[in-house]
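K.L.:
Here's a structure for you.
The values are calculated or read from the model by the stated rules, or taken from the named source; none is laboratory data. Fair warning: this is a prediction, and the values are worked out from it, not measured in the lab. Every residue, glycine as well, gets a Cβ built from its backbone with ideal geometry; the counts of neighbours run over all protein chains shown.
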Amino acid sequence: MKILMFGWEFPPHNSGGLGTACYGLTKGLNHHGAKVTFVLPVSQPSMKSDFVKLISADVSRGIEKIGINSPIKGYMTSKEYYSEYSKEVLGYGEKRRSPLYGRDLFEEVRRYAAKAKLIAEDEEFDVIHAHDWMTYQAGINAKKGSGKPFVIHVHATEFDRTGNNPNQYVYDIEKHGMQEADKILAVSNFTKDKIIKHYGISPDKIHVVHNAVEFNSNNFQQESFKIKEKDKVVLFLGRITIQKGPDYFLYAAKKALELDPNIKFIVAGSGDMEQFMIEKAAEFGIADKVLFSGFLRGKDIDKAYQIADLYIMPSVSEPFGITPLESMRNNTPVLISKQSGVSEVVNHCLKVDFWDIDEIVNKMLGVLKYRELSEELKHHGSLEVKKFSWNNPAERCMEVYRKLMEGPKNG
């Protein structure tokens with residue numbers, strides 16, 4: 001089976017969990033014998049040239065990557081896009097490229113969709129699979145040109161990203177994509193319910209495909225972590241945006257430090273709330289207790305988890321949330337928001353409402369103070385996470401593809 005897949009990120013050039021999920025899913029699909037052609041906007045130096053269409057092959061994974069050169073990145077807002085455009089096209093920075101791409105995020109999405117249509121005319125494929133709103137029109141164009149089945153994969157909705165204050169234009173694109181798709185893949189029941197409630201889509205059209213996690217052997221010597229010589233370490237790792245609840249992490253840190261000053265808090269990631277977080281930590285008088293590491297990649301992600309005595313995901317609205325699985329993979333206890341998809345499938349962790357600062361602090365201090373609790377969470381969590389192989393969601397996707405190819409009566 002051949003899959004034409006549209007997405008904005010693919011590691012190592014990714015800004016969040018979307019790229020991680022795309023990597024894992026395509027690897028799982030290859031395990032089941034599918035050949036994936038992945039179409040993405042590319043502006044990385046590794047592509048070596050500013051081509052509109054550049055093909056590179058990765059034989060080991062069976063995935064062909066086709067890049068449409070672009071300054072756009074996953075999760076990018078219109079404001080962030082213009083900032084990047086200014087640097088790369090208008091020359092307001094060190095980088096500069098010819099003005100092939102639009103000033104506006106939505107113009108960029110339209111251009112991408114137009115290029116995708118041309119690619120679809122040249123490629124052989126059985127099914128179209130589009131990840132998140134910026135690729136939906138590309139998928140629609142490919143469907144119109146080929147007549148092939150079209151699947152969209154909802155990793156987040158505009159309601160998740162904006163704290164229930166959606167951009168109407170983005171919402172309209174999302175809804176149109178959902179209406180045009182033959183099937184919708186949602187990363188959780190939490191997300192499926194939002195699609196039904198906010199977009200008016202029939203439940204029968206939506207299939208839940210929970211995410212998974214990649215496994216590796218990045219182990220570090222605990223004695224090398226000097227930060228742990230005197231203090232316990234609590235970690236936030238993710239995009240520093242309203243969706244992820246970093247402010248609740250900081251409020252909990254302030255309260256916890258009033259009860260136990262021997263804690264260090266690490267904020268790993270980047271996003272539009274980063275400056276707010278830095279200033280708020282200073283305002284709270286805890287700047288020396290809160291460390292900002294910036295965006296992490298590769299082995300540094302695993303090192304951050306292994307440094308930590310507890311990982312907290314206080315997301316306000318988390319469609320799934322791969323980071324708790326990454327933490328469990330690294331033998332680190334997790335405390336997660338109940339307002340998340342991952343809370344549906346993980347049992348050996350602590351769960352709390354994102355807004356309940358007192359309960360976050362109580363459970364945090366419980367893990368840091370009581371070794372028995374910490375060890376139980378580590379032990380059972382490390383066993384539980386082993387069931388989250390990307391081969392499983394890939395198999396679910398293959399089932400959806402097959403039913404679509406067989407015809408409407410089996411869809």
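K.L.:
I'm told residue 343 meets every condition in (1) touching a Ser or Thr at 6+ places or on another chain (Cβ under 6 Å); (2) assigned to a helix (DSSP H, G or I) except one. Can you identify the failing condition by its number?
P.N.:
Unmet condition: (1).
K.L.:
Are any of the residues in segment 249-268 part of a loop (DSSP other than H, G, I, E, B), out of contact with any Cys (no Cβ under 7 Å at 6 or more places or on another chain) and crowded, with 16+ Cβ neighbours inside 10 Å?
P.N.:
No, that holds for no residue.
K.L.:
If you go through segment 314-335 one residue at a time, do you hit one that is under 17 Å from the mean Cα position of the chain (by Cα), surrounded by 19 or more Cβ atoms within 10 Å (Cβ to Cβ) and within 14 Å of residue 251 (Cβ to Cβ)?
P.N.:
yes
K.L.:
Let me ask another. When you go through 188, 202 one by one, which is the residue that is touching a helix residue (DSSP H, G or I) at 6+ places or on another chain (Cβ under 7 Å), over 24 Å from residue 358 (Cβ atoms) and in the same structural domain as residue 394 (by TED's automatic domain parsing)?
P.N.:
Working: 202 fails: touching a helix residue (DSSP H, G or I) at 6+ places or on another chain (Cβ under 7 Å).
Checking each option against the conditions leaves just 188.
K.L.:
Answer yes if at least one residue in segment 301-311 is touching a strand residue (DSSP E or B) at 6+ places or on another chain (Cβ under 6 Å), surrounded by fewer than 24 Cβ atoms within 10 Å (Cβ to Cβ) and among the acidic types (Asp, Glu), and no otherwise.
P.N.:
yes
K.L.:
What about residue 154, is it within 27 Å of residue 243 (Cβ to Cβ) and either at pLDDT 95 or above or out of contact with any helix residue (DSSP H, G or I) (no Cβ under 7 Å at 6 or more places or on another chain) (or both)?
P.N.:
Considered against the rule, which asks whether it is within 27 Å of residue 243 (Cβ to Cβ) and either at pLDDT 95 or above or out of contact with any helix residue (DSSP H, G or I) (no Cβ under 7 Å at 6 or more places or on another chain) (or both), residue 154 comes out as yes.
K.L.:
Return the residues of segment 127-161 that are among the acidic types (Asp, Glu) and more than 21 Å from residue 108 (Cα to Cα); say none if nothing qualifies.
P.N.:
Selection gives 160 alone.
K.L.:
Which residues, taken from segment 159-174, are charged (D, E, K, R) and within 18 Å of residue 321 (Cβ to Cβ)?
P.N.:
Within segment 159-174, 160, 161 qualify.
K.L.:
Here's a follow-up. When you scan segment 215-233, do you find a residue that is touching a helix residue (DSSP H, G or I) at 6+ places or on another chain (Cβ under 7 Å) and of a type in the set (D, E, K, R), even just one?
P.N.:
Checked segment 215-233: at least one residue is touching a helix residue (DSSP H, G or I) at 6+ places or on another chain (Cβ under 7 Å) and of a type in the set (D, E, K, R).
K.L.:
While we're here: In segment 111-125, which residues are surrounded by 14 or more Cβ atoms within 10 Å (Cβ to Cβ) and charged (D, E, K, R)?
P.N.:
111, 115, 117, 123
K.L.:
Okay, next question. Quick one: which residue in 196, 140, 206 is more than 16 Å from the chain's Cα centre (by Cα) and surrounded by fewer than 19 Cβ atoms within 10 Å (Cβ to Cβ)? Reasoning before the result, please.
P.N.:
Working: 140 fails: surrounded by fewer than 19 Cβ atoms within 10 Å (Cβ to Cβ); 206 fails: surrounded by fewer than 19 Cβ atoms within 10 Å (Cβ to Cβ).
Just a single option satisfies the conditions, and that option is 196.
K.L.:
So residue 376 fits all but one of (1) without any contact (Cβ under 8 Å) to a residue 60 or more places away in the chain; (2) surrounded by 20 or more Cβ atoms within 10 Å (Cβ to Cβ); what number is the exception?
P.N.:
(2)
K.L.:
Only one of 244, 303, 255 is charged (D, E, K, R), at pLDDT 95 or above and under 19 Å from residue 324 (Cβ atoms); which?
P.N.:
Working: 303 fails: at pLDDT 95 or above; 255 fails: under 19 Å from residue 324 (Cβ atoms).
On inspection, the qualifying residue turns out to be 244.
K.L.:
Answer with yes or no whether residue 58 is touching an Asp or Glu at 6+ places or on another chain (Cβ under 8 Å), modelled with pLDDT under 65 and either among the aromatic types (Phe, Trp, Tyr) or assigned by TED's automatic domain parsing to the domain that holds residue 142 (or both).
P.N.:
On the way: touching an Asp or Glu at 6+ places or on another chain (Cβ under 8 Å): yes; modelled with pLDDT under 65: yes; either among the aromatic types (Phe, Trp, Tyr) or assigned by TED's automatic domain parsing to the domain that holds residue 142 (or both): yes.
When the stated conditions are applied, residue 58 passes them.
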